[in-house]
1. Every residue in the stretch 35-53 that is under 24 Å from Ser244 (Cα atoms) and either open to solvent by less than 70 Å² (accessible area, probe 1.4 Å) or not in a loop (DSSP other than H, G, I, E, B) (or both), please.
2. Filtering the stretch 312-327 down to residues that are open to solvent by 60 Å² or more (accessible area, probe 1.4 Å) and more than 23 Å from the chain's Cα centre (by Cα), which residue is farthest from the ligand (Cβ to nearest atom)?
3. Condition first: under 17 Å from Ala608 (Cα atoms) and crowded, with 18+ Cβ neighbours inside 10 Å. Now tell me which residues in the stretch 331-358 satisfy that.
4. Out of the residues in the stretch 374-402 that are under 11 Å from the mean Cα position of the chain (by Cα) and among the hydroxyl-bearing types (Ser, Thr, Tyr), state the one that is nearest to the ligand (Cβ to nearest atom).
5. Can you tell me which of Glu137, Glu113 is touching a helix residue (DSSP H, G or I) at 6+ places or on another chain (Cβ under 6 Å), open to solvent by 40 Å² or more (accessible area, probe 1.4 Å) and in a helix (DSSP H, G or I)?
6. Here is a check on your reading of the model: is Ile63 under 28 Å from the mean Cα position of the chain (by Cα), open to solvent by less than 40 Å² (accessible area, probe 1.4 Å) and of a type in the set (A, V, I, L, M, F, W, C)?
7. Is it the case that some residue within the stretch 232-250 is more than 16 Å from the ligand (Cβ to nearest atom), out of contact with any helix residue (DSSP H, G or I) (no Cβ under 6 Å at 6 or more places or on another chain), open to solvent by 40 Å² or more (accessible area, probe 1.4 Å) and within 21 Å of Asp146 (Cβ to Cβ)?
8. For the stretch 389-423, name all the residues that are open to solvent by 10 Å² or more (accessible area, probe 1.4 Å) and modelled with pLDDT under 95.
Amino acid sequence: MCGIIGYVGPQGAQKVLVDALRRMEYRGYDSAGIALVGSDGIASAKKAGKLLNLEAELDETPIPDANLGIGHTRWATHGAPSDANAHPHISSNGRVALVHNGIIENFAVLKAELQAAGVEFRSETDSEVAAHLVGREVEGGASLADALRSVARRLEGAFTLVAVDKDSPGTLVAARRNSPLVVGVGEGEMFVASDVAAFIEHTREAVEMGQDEVVEVTASGYRVTDFDGNETEGKPFHVDWDLSAAEKGGYDWFMRKEIYEQPRAVADTLLGRFDADRRLTLDEIRISETELRTIDKIVVVACGTAYYAGLVAKYAIEHWTRVACEVEIASEFRYRDPIITPRTLVVTISQSGETADTLMAVRHAREQGAKVIAICNTNGSTIPRESDAVLYTHAGPEIGVASTKGFLTQVAACYLLGLYLAQVRGTKYGDEIASIMAELESMPDKIQAVLDDAESVHALARELVDEKSVLFLGRHVGYPVALEGALKLKEIAYLHAEGFPAGELKHGPIALVEEGLPVFVIVPPQGRDQLHDKVISNIQEVRARGARTIVLVEEGDTVVEPYADVILRLPKASTLLQPLLATVPLQIFACEVATLKGYDVDQPRNLAKSVTVE
Ligand code: F6R
C-alpha cells in the first residue's frame, strides 16, 4: 500500500520527507519520490526501486531544499514500477505536484477528457489525472483547497490525495475517500500522512480525517471541510504506541492488521472493473474474446493458500461458465505431463508473483500453447510478466507470512474472472452478472461485520489453546475454507490440523474423532437444502462420537443449534460467495491461538513469504 507524507514547517523538508518514507518502508513499495515547494517553484525527484535509489539520485542531482513538500512510496497498481510512474506527479502547467494512494476508478474517462483538451501524459498511472485536474483548477483561479475539493467530487474509487501549488508555498491540502489519512500536529509544524509511523518522531498529537473530507494545512494549523466546503472536524487523538506498533496501525501483528484490512482490500479488488458500457474488463488483456470463446478447459494452478483460492474458483467458474475447470498444485503440474492444448486456459494465482513452482507451471503451459491468465497481487512481478493476461488483486502488500487478505482478494478476483468469462462466452445474461456483482460489492460490509464479532472467536481461542489437534469440515466451497482454516493453524500455531470434505470423513478420518476433539464445520446457507442438510448430518456424525462441534453458520439458521457446542454466526450470503465470510473467523482463530502460545505470528518458523525455489 502506498505511503504518503506531506510536511510544512521550519525544518528542511527534504530530510523530514525521506525519513518519513523510510518509516513507512514496512508497508512495501516499489518506487519513491518527493517534491519540494520553494521560492523557485516545485522541484522533484523520483526513482523506481528502493529508497536508496532516490537518495542516490538526490545526492547526484540535488534539488533546493524548502519548508514545504510531499513524498510518496508507491506500490504499483496502474502501470509498472518505473521512474515515470513513481509519484509525485506534476500538472502539465507545472503548478501542482500531487501524490495519491488508492485507485481512481473513472480515470480512463477523465484521462480521455484531458487528452482531448491537449494534456500530454507522462505516466501510465491513474493518479496523474488528478494532478492535471487540480493544476487546471488553480490555473482557472481556484484556491488550492477549492481545486482539490472540486476534483475530489469528480473522482470515483478510493483515494488519499495530497497536493501542493507552487503559488501557495505555505500550504498543503489533502483529501480522503476510502483510504487512510492522518494529520500530525507539531509545534509550529504540521504533517499529513498515510499513518502515524511517518511522523511519530516529531509529534504524537494526531487528527484522524473522516470519509470524504479535505484538510488544508499550514505550519500553524489546519482546517477540515467536506468535499463541498462545509466545515467539519477531524478526530484528534494522542498516539501512545511505540514505532513498531505504529507501523502495524496499533495492532500487535501485521497478520492481524491484514485480517482487519480485508473489507478494504476486497472492495479495492472489485473497483474499476467495468468499462464505460458497464461490461467487466480485466486489467491487462492480451487474449482476445474470440480466443476465450474457443477455450474448452480451464486449469487453475497455484500453491498453498492460493491453491485453496483456486479450489473455490472451480465451483464458481464451472457454475457460471459451464466450462470444465481443474485445479492443480503447481509443484505437481508439469511432472504429470498434463493435457494442455491451445484451447486450454491456464489460470495461475499468486500473491507474490514470484513463486517458483507457479512460475514453472506458467512456462510449461505456454510451451504447450495454452494461454495463461495470472491473478496476482504484485504489479510487475515475474508471473504476470510471463503470462498472457493479468488480473491484479488490490490487497496492498502482505507482510505477515501467513496469507490472509491475499486469499480473500484472490477469491474475489476468481469470481471476477468467472463472471468475465461468462460475459464473453454468453453463459450468463448481463443482468445476472450485474446482480452477482452487486452481491459481491456488498461483501466488504459483511466481512466487517464478521470482524466486529471477533471477541467470540478470541474467547474460543482461549478455550482451545492447549488442544493438540483440530479438524475442519466443509462441503462444496466450504471444503477449501476448511483446508485454509487448517493451514492457518498449522502455519502459525504449529498445531496439528486437517481439513476434510465433510462427506469424506466417514471413509476413514472419522476414526480420529475422540472425546472432546474440536471440529469446526462450515455450514452452507440454507437455500441449497440438500447441501445444507447433508452438512447437518455430518455434524451429528462427529458429535455422536464425542467431538466438540464449532459451527460456522449464517444468521437465522437455527436447524443446527441442537448439534453445535459453539456457534459462530456469519452474515447471509449466497453459497458461492460464502468463503469470503467463513474464512475470516478461522484466520482470527489461528492468529489468536498463536498469539496466546507466544509464537511469532508474522514470521512463523521454517516459512518464507515468497518461495522462489522449486
Ligand atoms: C499460506 C501461504 C502460502 C502461499 C503460497 C503461495 O498462508 O502464504 O501457502 O499462499 O506459498 O504463495 P504466492 O501466492 O505468493 O504464490
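The values are calculated or read from the model by the stated rules, or taken from the named source; none is laboratory data. What you see is a predicted model, and the numbers here were worked out from it, not measured in a lab. For neighbour counting, all protein chains shown are included, and Cβ atoms are generated from backbone atoms with ideal geometry for every residue, glycine included. Remember, those area values only see protein heavy atoms, side chains included, never the ligands or the DNA or RNA. Shrake-Rupley method; radii C 1.70, N 1.55, O 1.52, S 1.80 Å.
1. Matches in the stretch 35-53: Gly49, Leu51, Leu52.
2. Arg322
3. Matches in the stretch 331-358: Ser331, Ser350, Gln351, Ser352, Gly353, Thr355, Asp357, Thr358.
4. Among those that are under 11 Å from the mean Cα position of the chain (by Cα) and among the hydroxyl-bearing types (Ser, Thr, Tyr), it is Thr378.
5. One residue alone meets the criteria, Glu137.
6. Spelling it out, it is not the case that Ile63 is under 28 Å from the mean Cα position of the chain (by Cα), open to solvent by less than 40 Å² (accessible area, probe 1.4 Å) and of a type in the set (A, V, I, L, M, F, W, C).
7. yes
8. Tyr392, His394, Pro397, Glu398, Ile399, Val401
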